[in-house]
Amino acid sequence: AAIIGLSDDKVEEICDEAFSRRSALKIIKLPESLQKIGERAFKNCTSLKRIDIPNNVKEIGNFAFSKCSNLESVKLPESLKTISNGAFSECPKLTSVYIPSGVTVIGPDAFYGCPNLTRIDVSLDNKN
């Protein structure tokens, strides 16, 4: 099993396409210092099943987790402001998502091509 653990508390951003097309990647542990996940950062990570995004992340870039065909679970933090275009598109095993209170932007096609996404819960504190 491929595992990536970023434990350095100085990592604030995962750059565009940083881990794209890592088909063996199953587990990712992201640091609490992380604030942004770049465009296509984990696109086509077809073995990834779950992602817990840490509390300081404010933005998930375009197509960041697109085509993660085995992604079943995503935990989004309360700090999140933007879910960009196609961020979780074509993730057919994703069944539910919780949209935290701070989210002000959900880009076009953020959850496009997720045929099993049957539940989207929005925080009662989200006024947007």
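The values are calculated or read from the model by the stated rules, or taken from the named source; none is laboratory data. Please read these numbers as outputs of a predicted model, since none were measured by experiment. A quick note on method: Cβ atoms are made from the backbone with ideal geometry, for glycine too, and the neighbour counts reach across all protein chains shown. Each accessible area value is taken on the protein alone, full model and side chains, heavy atoms only, with ligands, DNA and RNA left out. Shrake-Rupley method; radii C 1.70, N 1.55, O 1.52, S 1.80 Å.
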Out of the residues in the range 24-46 that are more than 17 Å from K58 (Cβ to Cβ) and among the aliphatic types (A, V, I, L, M), which is surrounded by the fewest Cβ atoms within 10 Å (Cβ to Cβ)? A24
Leading residue by the ranking (modelled with the highest pLDDT) among those in the range 75-96 that are under 16 Å from F42 (Cβ atoms) and outside any loop (DSSP other than H, G, I, E, B): I83
Lone qualifier among L71, L117 - being open to solvent by less than 30 Å² (accessible area, probe 1.4 Å) and either assigned to a loop (DSSP other than H, G, I, E, B) or at pLDDT 95 or above (or both): L71
Does the range 99-110 include one or more residues that are under 17 Å from E17 (Cα atoms), of a type in the set (G, A, S) and either modelled with pLDDT of 95 or more or open to solvent by less than 10 Å² (accessible area, probe 1.4 Å) (or both)? no
